Amino acid sequence: MSRLRSHFLIWRVHIRPLGINAGSDLPDKFQVRIADKEDMTRAVAQGDSEISADFAEVAMARGDHCAAAFDGDRMISYAWRTYACAPFHADRHCDVWLEIAPPFRYGYKALTLPEFRGLRLQDQLIGVSDELCLRRGLTHALGCVETHNFSSLRADKKRGTVLSGYVVLFHIAGKTFLWRSPGARAQGIRLFNRAVDAPRLVEDYTA
């Protein structure tokens, strides 16, 4: 089964109106905000954030933002959002990116450190991120969840997301094929494989 998944992957495309969030109480000792460059420098130095200096620099130069929760100066949970283009899936065959356009923002990289899971910190990040996106004139959140990621599917359902379509990726004879259902195409989703397509420049997406 794991070998099949590596060659044939399916994502559900979920959308949600911004400002609709399940929410939860945040312990007083934690803080939530949009991370700045100093926050990101400390997060890279932590060693457990799974964020590299190169990743953070390129993402922020592209205009993406990172909503994060902190325990003191330590970044304990985060979620990245883009307004234009971001990494989608990479393996030894491909480096696929996803493009969107207003009125959507796309969430693509998220993590909560193991000892802080179960506190629903990601719901708090949704709140602060939605506020920023609404101020920028966007109206909806868009995300893609693999069909076998049951915990994320349950969490998305609680947050009020609805199924819009599907994205499929499969490898045959060393080639990568990408497919979007009509519902996914209707949301303006575009996919491209940087391993074979002309690379997009950071400057193309700088806010």
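The table below gives the values:
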quantity	calculated
Amide proton proximity set for K109, modelled H, under 5 Å, gap of 5+	W80
Helix-only mean residue ellipticity at 222 nm for the chain, each DSSP H run of n ≥ 4 adding -39500 (n - 2.57), per residue, nearest 500	-7500 deg cm²/dmol
Shape metrics for the chain, restricted to C-alpha atoms - Rg then Dmax, Å	16.9, 54
All lysines inside 21 Å of K109 as judged from Cα atoms, apart from same-chain residues fewer than 8 positions distant	K37, K157, K158
Local electrostatic count at K158 - Lys and Arg +1, Asp and Glu -1, tallied over other residues with Cβ under 13 Å	+3
Efficiency of FRET between F30 and V58 - r from beta-carbon atoms, R0 22 angstrom, step 0.05	0.20
Beta bridges per DSSP with both ends in the chain, % antiparallel, nearest 5	95 percent
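Any read-out appearing in this document is the output of simple, stated calculations on the displayed coordinates, not a laboratory observation. Please read these numbers as outputs of a predicted model, since none were measured by experiment. Positions of Cβ are generated from backbone atoms using ideal geometry, with glycine treated the same way; all protein chains shown enter the neighbour counts.
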